[in-house]
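I have a structure I would like to understand better, so I am pasting it below and will then ask my questions one at a time.
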Amino acid sequence: MDNTRPRMRWWGWGEDGNDGPVKPGAKVILSKHCGWPAGVDRPHVELEDVALPESTLTDQVRTRLGEIVSEEFVRDDRATRISHAAGRSLPDLIRLRAGQLTSAPDAVVYPASTAEVDALLAVCAEQSVAVVPFGGGTSVVGGVDAVRGEFSAVVSISLTRLDQVVDIDEESLTATVQAGVFGPDLEETLQARGFTLAHYPQSFEFSTVGGWVATRSAGQQSTGYGRIDENVHGLRVATPAGPVELRTTPATAAGPNPRQLFVGSEGTLGIITEATLRIRRVPSSVQADSWFFPDFASGTAALREMEQSGLHLDIARLSDVNETAFGLAQLGSELQRKGVLAYLRARGITTPCLLVVRYDGAQSDVRARRSQGRAIVRRRGGVNLGSVPETSWEKHRFSTPYLRDQLLREGMIVETMETSAPWSKVEELHDSISAAIQAEMAERGTPAFVLCHVSHLYASGCSLYYTVFAKQQVGAEIAQWKALKSAASDAIVAGGGTITHHHAVGTDHAPWLPAETGQMWLRMLRAAKAEVDPTGIMNPGKLMNGPDQL
């Protein structure tokens, strides 16, 4: 397999062959809430029609880089530069589909070892060339956009040739993994030995271990198996000032945890080249349940009680009224949808909210936890629908981003955003964010349909994940997105939520970072950056050095 070939198509999500038409039920519900631009068909431009800036990398620097990795692995052809020019945020996709790239890496370099990464950074620092670390390119916050800042050139350093699972320590339950290993490849290797990391972000098929660690990623099973930051036990990081190696230990009192400085650093301090991660044995039993609640508040109360009771659900996903309605609208047939709604009405539920849960572990443990969970849910008014909705959701859980591409083609925008907050603030925050988005979009003449779900639980609170649909404001799509993003982000900060639960900061969330962390912490981060990256070449314009406004 050619591990330098991009796994995603250059203009959208994933691979060709997975797209499908928007389901009739989805069109009906979107038409009702935000209108449907009937008859619109706006395909992406062809690759040769993309406006691409000329490369500014000098022959001298290109030769120096080629001496490290060989000339074959320094590439500046059109396809390679375009495929590394942006992530997969809504503004990224709008620009890519329209062929309007104002920035792109001047070259993409593919090292095959940690020593080569170290050497590349030394040359780039010496020659004042900006560096953007690149894994799978799935960032939805501008995290891999080729910002050159004050530098004469910018290169992407792709980690995809660092693709080895270096060691599996079966006694310690850890795996040491190079940064360029993709999610499916890691799981295949681990499960062949009876282990799992069970880290399944929606980008799982196209994202890498290094990207997960650099962005403080959370997966769809992180309630049970832990976020990536909880599972990092050791790191190796290449920086322009030299490598940093943080040994693997189960715990330490040796001052502040240096691993956690690099976890979530988004390539601004250096390039994570290797991580040692906690793994688990593949569970012997897996059991699922699906429930409908009469309202979102009942569902969140049940989840809070379950988590605080120590049940440790391995999957927990609660959809609000709008998201549940959108899901039901896309059932196999209208007859099925009406049948489910009639069944629920007969049990007193007219505005259903769907909860899917899963328990992993030894059979006796799973049985006991499931029994306790069922008792809590029934006491909170939940109606059981068996395991089918949960298993159906799992079957399709990585396919949702393909719908966004098709909707963009048909004249709609789709944006996602997420936060987390204490249980005491969740209900109010849920409502205020939805209201802020709806008010802003209505004022622009493009009413929004706003969906939300909870998908990560903690003893003290949970996440809220939003999906927003609206008709495109033709010719002003980026301005429309900025207005939507700003309204939601202002509401998140005002309501006591975090500006990002797992998407990271990049450029898109940077304007709200000072309100969350304070200027003192940002100065401390910049001071750390000055030590490991004294010339400032690492991922300019992101995180602590991101923009002040969108």
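Just for region 84-109: of the residues that are within 13 Å of Ala51 (Cα to Cα) and under 20 Å from the mean Cα position of the chain (by Cα), which one is surrounded by the fewest Cβ atoms within 10 Å (Cβ to Cβ)?
Arg95
A further question on this structure: Can you tell me which residues in region 524-549 are small (Gly, Ala, Ser) and either farther than 18 Å from Val154 by Cβ or buried (at least 22 other Cβ atoms within 10 Å of the Cβ) (or both)?
Ala527, Ala528, Ala530, Gly546
Considering only residues of region 293-305 that are buried (at least 24 other Cβ atoms within 10 Å of the Cβ) and among the aliphatic types (A, V, I, L, M), which is farthest from the chain's Cα centre (by Cα)? Working first, answer last.
First, the residues of region 293-305 that are buried (at least 24 other Cβ atoms within 10 Å of the Cβ): 293, 296, 299-300, 302-303.
Imposing the further condition that a residue be among the aliphatic types (A, V, I, L, M) reduces the set to 302-303.
On the way: Ala302: 26, Leu303: 23 Å.
Here the residue is Ala302.
Keeping to region 4-21, report how many residues are in contact with a Phe, Trp or Tyr (Cβ under 9 Å, 6 or more places away or on another chain) and surrounded by fewer than 17 Cβ atoms within 10 Å (Cβ to Cβ).
5
Only one of Ala122, Ala153, Ala146, Ala130 is more than 23 Å from Gly506 (Cβ to Cβ) and outside the structural domain of Thr196 (by TED's automatic domain parsing). Can you tell me which? Show your work before the answer.
Values: Ala153 fails: more than 23 Å from Gly506 (Cβ to Cβ); Ala146 fails: more than 23 Å from Gly506 (Cβ to Cβ); Ala130 fails: more than 23 Å from Gly506 (Cβ to Cβ).
Going through Ala122, Ala153, Ala146, Ala130 in turn, the sole match is Ala122.
Any idea which residue in region 358-384 is surrounded by the fewest Cβ atoms within 10 Å (Cβ to Cβ), counting only those that are in contact with a strand residue (DSSP E or B) (Cβ under 6 Å, 6 or more places away or on another chain) and part of a helix (DSSP H, G or I)?
Only one residue tops the list, namely Gln363.
Show me the strands (runs of 3 or more DSSP E) entirely contained within region 151-252 in which 2 or more residues are crowded, with 22+ Cβ neighbours inside 10 Å and in contact (Cβ under 8 Å) with a residue 12 or more places away in the chain. Reasoning before the result, please.
Numbers: elements: 153-158, 165-169, 174-178, 232-238, 244-246.
Because the criterion is at least 2 residues that are crowded, with 22+ Cβ neighbours inside 10 Å and in contact (Cβ under 8 Å) with a residue 12 or more places away in the chain, the strands (runs of 3 or more DSSP E) in region 151-252 that meet it are 153-158, 174-178, 232-238.
Going through Gly25, Gly17 one at a time, which residue ends up being of a type outside the set (Lys, Arg) and outside any helix (DSSP H, G or I)?
On the way: Gly25 fails: outside any helix (DSSP H, G or I).
Being of a type outside the set (Lys, Arg) and outside any helix (DSSP H, G or I) holds for just one of Gly25, Gly17, which is Gly17.
Same structure again: Between a first residue in region 60-72 that is over 12 Å from Gln127 (Cα atoms) and a second residue that is in a helix (DSSP H, G or I), which pairs have beta carbons less than 6 Å apart while being 6 or more apart in sequence or on different chains?
As it stands, the answer is Ile68/Glu116; Ile68/Ala119; Ile68/Leu120; Val69/Glu116, since those pairs meet every condition given.
Mind telling me which of the residues Gly445, Gly506, Gly496, Gly475 ends up being in a loop (DSSP other than H, G, I, E, B) and under 18 Å from Thr268 (Cβ atoms)? Talk me through it step by step, then tell me what you get.
Working: Gly445 fails: under 18 Å from Thr268 (Cβ atoms); Gly496 fails: under 18 Å from Thr268 (Cβ atoms); Gly475 fails: under 18 Å from Thr268 (Cβ atoms).
It is Gly506.
Hey, another quick one. Could you please find all residues in region 306-317 being of a type in the set (A, V, I, L, M, F, W, C) and either surrounded by fewer than 19 Cβ atoms within 10 Å (Cβ to Cβ) or within 23 Å of the chain's Cα centre (by Cα) (or both)?
So in region 306-317, the residues of a type in the set (A, V, I, L, M, F, W, C) come out as 306, 311, 313, 315-316.
Residues satisfying the conditions are Leu313, Ile315, Ala316.
The values are calculated or read from the model by the stated rules, or taken from the named source; none is laboratory data. Keep in mind that what you see is a predicted model, and the values were worked out from it rather than measured. Every residue, glycine among them, receives a Cβ derived from its backbone with ideal geometry; neighbour counts consider all protein chains shown.
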